[in-house]
Amino acid sequence: PQERTFIMIKPDGVHRGLVADIIKRFEAKGYKLVGIKVLVPSKDLAGKHYAEHEGKPFYPGLVNFLSSGAVVAMVWEGKEVIKTGRTFIGATNPLASAPGTIRGDYGIDVGRNIIHGSDSVDSAQKEIALWFKPAELAEYELIS
Ligand code: CMP
């Protein structure tokens, strides 16, 4: 398959009704949705997802928040989708994200920044493996 990335709409994004808007941006660009599910992550799963931040002052709040409600976990596929996904999402702090990006359009708080996207090939592989079983990812062609 082509490059894949893990994109997750966090509980604040789901709560605010931003799911369709976010999916629309990736679809309209031409990316292929190969995995999607709604779940309330366990603390264990949330902790593993954010393992690289363990020990930071915001880590406990981050893990609690991610497991506080439903998230939409997705895998998107296509040319340079990791980098483009990060561009769509915008800077980590929504106050610094450009207008037109998801965080730039919808957020003001770094702890409530709506969405997560893998930042490298390595983290995309790890995150996809953490959140999805291989059988939950579809292999298909987009008809053009
Ligand atoms: P995300 O891209 O999911 O990756 C790590 C997350 O940690 C980040 O989005 C923010 O939601 C959160 N984060 C980063 N810095 C801070 C901070 N200073 N305070 C609270 N949360 C933070």
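The values are calculated or read from the model by the stated rules, or taken from the named source; none is laboratory data. Keep in mind that this is a model prediction, so the values were computed, not measured. Heads up, the Cβs are rebuilt from the backbone with ideal geometry, glycines too, and the neighbour counts pull from every protein chain shown. For the accessible areas, the whole protein counts, side chains as well, though only heavy atoms, and no ligand, DNA or RNA atoms are used. Shrake-Rupley method; radii C 1.70, N 1.55, O 1.52, S 1.80 Å.
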Q: Look through region 92-136, keep the residues that are touching a residue at least 60 places away in the same chain (Cβ under 8 Å), hydrophobic (A, V, I, L, M, F, W, C) and open to solvent by 30 Å² or more (accessible area, probe 1.4 Å), and return whichever of them is nearest to M74 (Cα to Cα).
A: L130
Q | Hits in region 77-106 (condition: more than 12 Å from the ligand (Cβ to nearest atom), closer than 18 Å to D21 by Cα, assigned to a helix (DSSP H, G or I) and among the β-branched types (V, I, T)) | A | V81, T84, T87
Q) What is the number of the single condition among (1) away from the ligand (no atom under 11 Å from the Cβ); (2) more than 12 Å from the chain's Cα centre (by Cα); (3) open to solvent by less than 10 Å² (accessible area, probe 1.4 Å) that A46 does not meet? A) (1)
Q: Specify the residue that is nearest to the ligand (Cβ to nearest atom); the eligible residues are those in region 112-144 that are in a helix (DSSP H, G or I) and of a type in the set (G, A, S).
A: S123
Q.
Filter region 58-68 down to the residues that are open to solvent by 40 Å² or more (accessible area, probe 1.4 Å) and more than 8 Å from the ligand (Cβ to nearest atom) and list them by number.
A. P60, N64, S68
Q: Kindly provide the set of residues from region 75-90 that are open to solvent by less than 50 Å² (accessible area, probe 1.4 Å) and under 11 Å from I115 (Cα atoms), ordered by number.
A: G85, F88, I89, G90
Q: Could you figure out which of (1) in a loop (DSSP other than H, G, I, E, B); (2) of a type outside the set (K, R); (3) open to solvent by 50 Å² or more (accessible area, probe 1.4 Å); (4) closer than 18 Å to S118 by Cα isn't true of G55?
A: (4)
Q: Evaluate the following for A20: is it at pLDDT 95 or above, more than 11 Å from the ligand (Cβ to nearest atom) and of a type in the set (A, V, I, L, M)?
A: yes
Q.
Consider region 4-24. How many of its residues are surrounded by fewer than 17 Cβ atoms within 10 Å (Cβ to Cβ) and either over 15 Å from A70 (Cβ atoms) or charged (D, E, K, R) (or both)?
A. 3
**Q.** Subset of region 1-38 (residues that are among the aliphatic types (A, V, I, L, M) and over 13 Å from the mean Cα position of the chain (by Cα))
**A.** A20, A28, V34
**Q.** Looking only at region 28-43, and only at residues there that are of a type outside the set (A, V, I, L, M) and part of a loop (DSSP other than H, G, I, E, B), the one that is nearest to the ligand (Cβ to nearest atom)
**A.** P41
(Q) For the list (1) within 13 Å of the ligand (Cβ to nearest atom); (2) charged (D, E, K, R); (3) within 14 Å of the chain's Cα centre (by Cα), I need the number of the one condition that D109 fails. (A) (3)
